Amino acid sequence: MAAEVKGPAAYFPSIEKKYGRPIAEWKELIRTSPLAKHMELVNWLKSEHGLGHGHANALVAHTLAEDAGN
């Protein structure tokens, strides 16, 4: 039995299904954005790409943590 995915990554299947883009694509958008702060990125994903707050927050949190080596 596969281990249950927890934290921000738990949102990934529903993000891919709802918005039609793979997670790697969302992470690349976040990483290439001129913005750097968590909430700036969340608000940008919401306004420019139509993501809901929870989905945007999960993507940003996971991407920034990954880039910080956490």
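The values are calculated or read from the model by the stated rules, or taken from the named source; none is laboratory data. Keep in mind that what you see is a predicted model, and the values were worked out from it rather than measured. Heads up, the Cβs are rebuilt from the backbone with ideal geometry, glycines too, and the neighbour counts pull from every protein chain shown. The accessibility values were calculated without ligands, DNA or RNA, using every heavy atom of the protein model including side chains. Shrake-Rupley method; radii C 1.70, N 1.55, O 1.52, S 1.80 Å.
Rounded to the nearest 500, the helix-only mean residue ellipticity at 222 nm of the chain stands at -19500 deg cm²/dmol, with each DSSP H run of n ≥ 4 adding -39,500 (n - 2.57). How about the chain: which trypsin sites (Lys or Arg not before Pro) there are in a DSSP loop, with at most 13 other Cβ atoms within 10 Å of their Cβ? Those satisfying the criteria are LYS6, LYS37. Label positions at ARG21 and VAL5, each projected 7 Å from the Cα along the C-beta direction, are separated by 1.7 nm. For the chain, a simple Cβ point-charge model (Lys and Arg +1, Asp and Glu -1, everything else neutral) yields a dipole of about 160 debye relative to the Cα centre. Heavy atoms of the protein chains alone define the surface here; on that basis the range 10-70 has 59 Å² accessible area per residue at 1.4 Å probe size. Here the range 1-61 has 56 percent of its accessible surface on carbon and sulfur atoms, given a 1.4 Å probe and all protein chains in place. Under 19 Å of direct C-alpha separation, and excluding same-chain neighbours fewer than eight residues apart, LYS46 reaches these lysines: LYS17, LYS18, LYS27, LYS37.
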